[in-house]
Structures are given as structure tokens and as C-alpha cells.
Amino acid sequence: MMTDESMIREALAVAELAGKADEVPIGAVLVDGEGNILAKAANRTETDKSAVAHAELLAIAEACRLRKSRRLTDCTIYVTLEPCPMCAGAIASARISRVVFGASDPRAGAYGSLIDLSALPLESKPQVCGGVLAEECLAPIRRFFQEKRKQTKWK
């Protein structure tokens, strides 16, 4: 049976692949209303040399292509880190009905940590559930940046 925890674990598995590719280890899984996984994506900002290659945006783009629609109204997106304002805007634009995230992001979180875009009169207001397996989601990000701080280019 699909649970929020099991889907966050799926997103963590994707995030692990990002970390191995020298990307910030953040993963996203987009699921339809029947529990079918439509898309999985990890951050690719360094690989693609693109500021918009966030896991959420890549998963949304893939799910929209698959469905041949820009609307994902019956879907839930599971993300290891609280979405940033750019990703939260895309979630609203796609009319995703539910957002589940692991760790909060006090620097850029758009669902309550820094700002709360779900409280604004945007195109849609997803139901938001944060803190699912938060410590498990935060651990790989912490490890990633600890390693990067040891390297000159990330200091």
C-alpha cells in the first residue's frame, strides 16, 4: 500500500542518485490519484547547467508530457526538501492537489519555512504536509554540503 512515508522513501532513492552525480541530493516523485507513479526526478542543476533543473520542475514536466496536459489536478508530489518559491509556483500552475515534503528549508522553503505561497491567492492551493521522514531527508543534504565545504570551489 502506498503511504506518504513509502513515497518519500522513493524520493530519497532518487535523491541518492543525484548525490552520486554530484548534485544536491533532492528527489521528487509525482503520483496520480490512483497511486501510480507518473514521474521521478532528481536535481540536475549542475549537470544541465540550469537554474531551473530542480527535481520538482523536472518531475512536473515529465508528468505533463505523459498526460499531454499542463494540469495535474489529482496528483501528489513527494519531495525530500520543502519546495522553493519557483517550484511552489510551478506546483500551483500545474494545479497539483497535494504536496508532501520531508525536510523543511529555512533558507528557501515556500510552504511555511521562509514564506507560505499556499496562503496566497494563486491558481490553486495544494494541501501541504511537511516533515515526513524529515531527518532521513536532511541527512544526505547535510553530508553533501559537508563534503563540498572541504572542496575549495564550494567554500
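The values are calculated or read from the model by the stated rules, or taken from the named source; none is laboratory data. Since we're looking at a predicted model, the values are computed, not measured. Neighbour counts are summed over all protein chains in view; Cβ atoms, including those assigned to glycine, are modelled from backbone coordinates with ideal geometry. Heads up: the accessible areas ignore ligands, DNA and RNA and are worked out on the full protein's heavy atoms, side chains in. Shrake-Rupley method; radii C 1.70, N 1.55, O 1.52, S 1.80 Å.
Please give the contour-minus-distance gain from Arg65 to Ser50: 0.36 nm per residue of separation, less the Cα-Cα distance, rounded to one decimal in nm.
Length gained, Arg65 through Ser50: 3.4 nm.
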Check: At a 1.4 Å probe radius, carbon and sulfur cover how many percent of the accessible area of the range 1-82?
Finding: 52
Check: Taking the range 19-89, which trypsin sites (Lys or Arg not before Pro) meet the DSSP loop condition and have no more than 15 other C-beta atoms within 10 Å?
Finding: Lys49, Lys68, Arg70, Arg71
Check: What's the longest piece of the chain with no exposed GluC sites (Glu not before Pro), counting a site as exposed if DSSP puts it in a loop and it has at most 16 other beta carbons within 10 Å?
Finding: 35-122
Note to self: I want to verify the translational diffusion coefficient of the chain in µm²/s; compute it with Stokes-Einstein, Rh as the Kirkwood radius over Cα pairs, at 25 °C and 0.890 mPa s.
What the structure shows: 161
Check: Ignoring ligands, DNA and RNA, what accessible area per residue does the chain give at 1.4 Å, in Å²?
Finding: 52
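Can you work out the FRET efficiency for the pair Ser124 and Asp22, with r the C-beta to C-beta distance and R0 = 41 Å, to the nearest 0.05?
Computed FRET efficiency for Ser124 and Asp22 comes out at 0.75.
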